[in-house]
Amino acid sequence: MEECKESSQKKWTHLRKVLERPGPFSHPEFEPSPDILDFILSTCKILIVGAGGLGCELLKDLAMMGFKHIHIIDMDTIDLSNLNRQFLFRLKDVGFSKAEVAADFVNKRIQGCQVVPHCCMIQEKNPQFYRQFHVIACGLDSISARRWINGMLVSLLEYDENDVLDQSSIIPLVDGGTEGFKGNARVILPGMTACVECTLDLYPPQVTYPLCTIANTPRLPEHCVEYVKMVQWSKENPFGVPLDGDDAQHLTWVHEKASERANQFNIQGVTFRLVQGVVKNIIPAVASTNAVIAGVCATEVFKLATSCCTPLNNFMVFNDIDGIYTYTYEAEKKENCTVCSNIPHPVTIEDPSKMKLKDLIQFLCENPKFQMKNPGLTTNIDGKSKTLYIPTIDVIEARTRPNLSKTLLELGLSDGQQIIVADTTTPTSVILKLVYSISDIEMKT
Amino acid sequence: MRNVLERVLIPLSKHLWECEVPLLVCQSIGFLGYIRLQIKEHTVIEAHPDNESPDLRLDQPWPALNDYLNSIDIEQLDQKEKSHVPPVAILHYYLNKYKDSHDGNVPQKRSEREQLQQMIKDSGHSEEGNNRFILEENFEQAIHYANTCATTKPIPDHVQTILDDDCCVKLTQNSSSFWIMCSALREMVQAEGALPLKGTLPDMAADTQSYITLQNIYQKQAQNQAESIYRRALEIIRNLGLPQDSITESEVKYFCKHSSELHLIRGSCLADEYQKTSLDLTSYLEDPDSLIFYYVILRGLERFLSEFNAYPGQLDDQVEPDILKLKGIINKLLNEWGYSHVLRDERVHEVCRYGGAELHSVSSILGGCAAQEVIKVITHQYKPLVNTFIYDLINSTSATFCL
């Protein structure tokens, strides 16, 4: 009753114009009615993945657009360096959970809003958790987390006995990403339109590092360089001027300090070239780009939830280095997509008597179609399940390690063999089908 | 500013135009956005272009570069040295070889560049074992650089326009430091036929020692050129009777480093758009799908607002009649400008459906865009919008028009 009253409140008059009136560009199924606003205010459940630069904007935008039941998930805690753009956080919040502080802020600021925070990894939530949402919006800086969410939503799809997709099992995914003055926003209807895996080649290798990693848990030599660049330089200011990536003296100093730091953390590989690459390739997070991309994503969530306008089809890129530029196109669904096509993926093997298991794993990591991180492989031989290699469980890793140096023939894998691959980049397994290009091979068993 | 009445906007625009204070106007209505930047004159030094090709000048090496590169005889190096020699040295070596066999000319045409690339390719293979040969990374990069960097780049049009501008040719006591530096640059360009060296060496496969040596050579030359432009700028200042500290050396260095990125924007006054009897939209109106029609509709909407003191479609029972009224106003506007184009009714209908509604997410997008344009104007970095931007969130497309 209270919610019904709320939907007639004056503060929603703007939304009511687009929700209660027909329009020439609305979705064919759109039926203008006050019920749509009621749905947004009382029933519609949205999940925001990531409570960082984009996540803060998304949460604010969606709450201001009338959505009341918003969940937000992020495992990170607030760092001092977040405060310039992650505007839901204050100095007193440093060290606390991003999801919790963001939820708290919006719940206090926007009356009736019921944001539910989840301070954990996305992988810790089960399919039932994800199934409860009407739309999921992502503001992430990591490609593997995107791939995981995408894989999860594909795994929730239900098909009938004739392989026809049950439309009600589709949860639309709105994904935004920014890098400096560039950004992109896309709408994915899992099983219907191009998914994250279909367009994996669009993502270049990641070159930016979160400041908390740089400050606290450096792993890569790049992290050491970033630390010197972003923290030590301004603290010690060795030449009394800002760091110039083209000045050899400056780079030499950074190189020296970064090497010291690398030694301290037992990190190998700080070279002069690496220092130069990192110092000059900085892509800062820009607050205005986040505002634009999150705004576009929130608009799409609103369109998807209400049908008051046709959604973005399906990929938009944004850039405001030179004027303001956008480009929108339809990314194509890949017929043989490793995630959303549901068919085994042929992998051509030139010579199975030469190719070792570790070569196959390397292929899965380096091939642009798979781009796996740390795959585990199992198969089925003569009806019996066989573990080829599992890197994530120490005992099994030790037991299966010798397999790495064996060839595919030595492992008893034949032409057409199906291999089940598990990897952190996807919540469901990928099935490979080995295709030997040399046909007459005698099995050396 | 959002949805300001014409009678407020026009005098404000005129006043700010005369005071040379930039003005940015935003409109957010339904799924549509509009941004207009009014700026009389704006100069950009650091435009941060994407995909810039390196400035290597191997066709006109200065003595220090020439001496160093000549000291490296690629074909006398052993396998290990060869795999660490900088690509610039490789390119220089084969460029000279090419010149020797082509009457001293550098490759200009594509087929000539391919010839040079083949020469590099032929010598760059090294044995990997099992009779397999691989092309070393540094040789690959040299081949890549041969495409774009073997010859000195011509002066870009946007820089030449600045050098030919009256502000650059006829300095006065009121000239800004930008124009004084441009004037000094102009003299150097006239004497040397090229812009100052950028002084930046791109990352390349090479050992640290030779890379740093090369980097120092490029940097030193850029520094020398910047110093000579600085000295010239100081003379200009003296001749104009301005204080010596009106330009600093670091300012000139920064200017020289980015001399290929210089941009000049001379905008137009927003009030003129409203007062001119003819607005030149001819080229834009040719495409019936163009977003320029939303500009026309928004102009009609402003006039509607001034005439009726309400947005079209503001009242639920007035949507249909307001569509007709708004169409009438728009047709009158088009006639005033001398056009007989017919608007797609559905776009007018959609705007009347909004009834002046402002959607938070759309305003948020415009706010983000507008904020960045303001930062560009203040910092003189990156190129600002010229000058009208329409965002259509119905289809998630946008367009920029110069009005």
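The values are calculated or read from the model by the stated rules, or taken from the named source; none is laboratory data. No experiment lies behind these values; they were computed from the predicted model shown. In this analysis, Cβ positions are derived from the backbone assuming ideal geometry, glycine residues included, and neighbour counts consider all displayed protein chains. All accessible areas refer to the heavy atoms of the entire protein, side chains included, with ligands and DNA or RNA removed. Shrake-Rupley method; radii C 1.70, N 1.55, O 1.52, S 1.80 Å.
So for the stretch B:63-145, averaging the separation of alpha carbon pairs under 8 Å that are six or more residues apart and normalising by length, what relative contact order in percent results?
Relative contact order comes out at 31 percent.
Residue-wise HN-Hα couplings along the stretch B:43-58, as the Karplus relation 6.51 cos²θ - 1.76 cosθ + 1.60 with θ = phi - 60° gives them from phi, are 10, 10, 9, 9, 8, 6, x, 6, 6, 8, 8, x, 9, 9, 6, 6 Hz; Gly and Pro carry x. The mean count of C-beta atoms from other chains within 10 Å of the C-beta of residues in A:320-332, rounded to a whole number, is 6. Against chain B, whose longest principal axis comes from its Cα atoms, helix B:87-100 is set at around 70 degrees. What separates the Cα centres of the stretch B:360-379 and the stretch A:123-189 is a distance of 29 Å.
Protein-only accessible surface at a 1.4 angstrom probe places the residues A:Ile431, A:Ile361 in the order A:Ile431, A:Ile361, largest first. Counting Cβ atoms of other protein chains within 10 Å of each Cβ in A:60-67 and taking the mean gives 3.
To the nearest 10 degrees, how steep is helix B:177-192 against the longest Cα principal axis of chain B, on a 0 to 90 scale? It is inclined by approximately 40 degrees.
Per residue, how much accessible area does the stretch B:157-265 show when a 1.4 Å probe rolls over the protein heavy atoms, in square angstrom?
Per-residue value: 44 Å².
Separation of the stretch A:30-69 from the stretch B:216-264 is 54 Å, based on Cα centroids.
Taking a ≥ b ≥ c as the square roots of the eigenvalues of the Cα gyration tensor of the stretch A:218-370, is the shape rounded (a/c under 1.5), prolate (a/b larger than b/c) or oblate? Taking the square roots of the gyration eigenvalues as a ≥ b ≥ c, the stretch A:218-370 is oblate.
With every protein chain in place and a 1.4 angstrom probe, the accessible-area ranking of B:Asp164, A:Asp320, largest first, reads B:Asp164, A:Asp320.
Once the Cβ-Cβ distance between A:Gln268 and B:Glu112 is put in as r, and R0 is 41 Å, what FRET efficiency do you end up with, to the nearest 0.05?
0.40
Buried on complex formation within the stretch A:12-55 (loss of at least 50 square angstrom of accessible surface versus the isolated chain, 1.4 Å probe, ligands and nucleic acids ignored): A:His14, A:Lys17, A:Val18, A:Arg21, A:Pro24, A:Phe25. Among the DSSP beta bridges whose two residues both lie in chain A, what percent are antiparallel, rounded to the nearest 5? Just about 60 percent of them are antiparallel. Charged neighbours of B:Lys82, selected by a Cβ distance under 10 Å, balance to -3 (K, R count +1; D, E count -1). Of the residues in the stretch A:151-181, those shielded by at least 40 Å² of accessible area once partner protein chains are present, compared with the chain alone at a 1.4 Å probe, are A:Phe181.
What shape does the stretch A:22-176 have by the C-alpha gyration tensor, where a ≥ b ≥ c are the square roots of the eigenvalues, rounded means a/c under 1.5, and otherwise prolate means a/b greater than b/c and oblate the rest? Taking the square roots of the gyration eigenvalues as a ≥ b ≥ c, the stretch A:22-176 is oblate.
Normalised per residue, the accessible area of chain A is 46 Å², obtained with a 1.4 Å probe and no contribution from ligands, DNA or RNA.
Summed over both chains, the contact between A and B buries some 4400 Å² of accessible surface at a probe radius of 1.4 Å. From most to least packed by mean Cβ count within 10 Å, the peptides B:100-112, A:53-65, B:299-311 give A:53-65, B:299-311, B:100-112. Restricting attention to the protein assembly as shown, close to 70% of DSSP beta bridges with both partner residues there are antiparallel. At a threshold of 10 Å², the residues of the stretch B:297-335 that become less accessible to a 1.4 Å probe in the full protein assembly than in their chain on its own are B:Gln314, B:Asp316, B:Val319.
Just want to confirm a number: the relative contact order over chain A, from Cα pairs under 8 angstrom separated by 6+ residues, in percent.
Numbers: 785 pairs, mean separation 65.9, N = 445.
Dividing the mean separation by the residue count of chain A yields 15 percent.
Seen against the Cα atoms of chain B and their longest principal axis, helix B:6-19 is set at about 40 degrees.
Scanning chain A for long hydrophobic helices, with DSSP H runs required to stretch 27 angstrom or more by C-alpha along their axis and to average at least 0.0 on the Kyte-Doolittle scale, returns A:287-306. A helix-only calculation puts the protein assembly as shown at -12500 deg cm²/dmol for mean residue ellipticity at 222 nm, using -39500 (n - 2.57) for each DSSP H run of at least four residues, averaged over all residues.
Solvent-accessible surface of the stretch B:63-145, averaged per residue with a 1.4 angstrom probe and all protein chains in place: 59 square angstrom. Placing R0 at 25 angstrom, the Cβ-Cβ distance between A:Phe96 and A:Gln132 gives a FRET efficiency of 0.45 after rounding to 0.05. On the beta carbon distance between B:His341 and B:Ile155, with R0 = 41 Å, the FRET formula returns roughly 0.50.
Here the protein assembly as shown has 50 percent of its accessible surface on carbon and sulfur atoms, given a 1.4 Å probe and all protein chains in place. A simple spin-label model places the labels of A:Glu332 and A:Ser155 3.0 nm from each other, with each point 7 Å out along Cα-to-Cβ.
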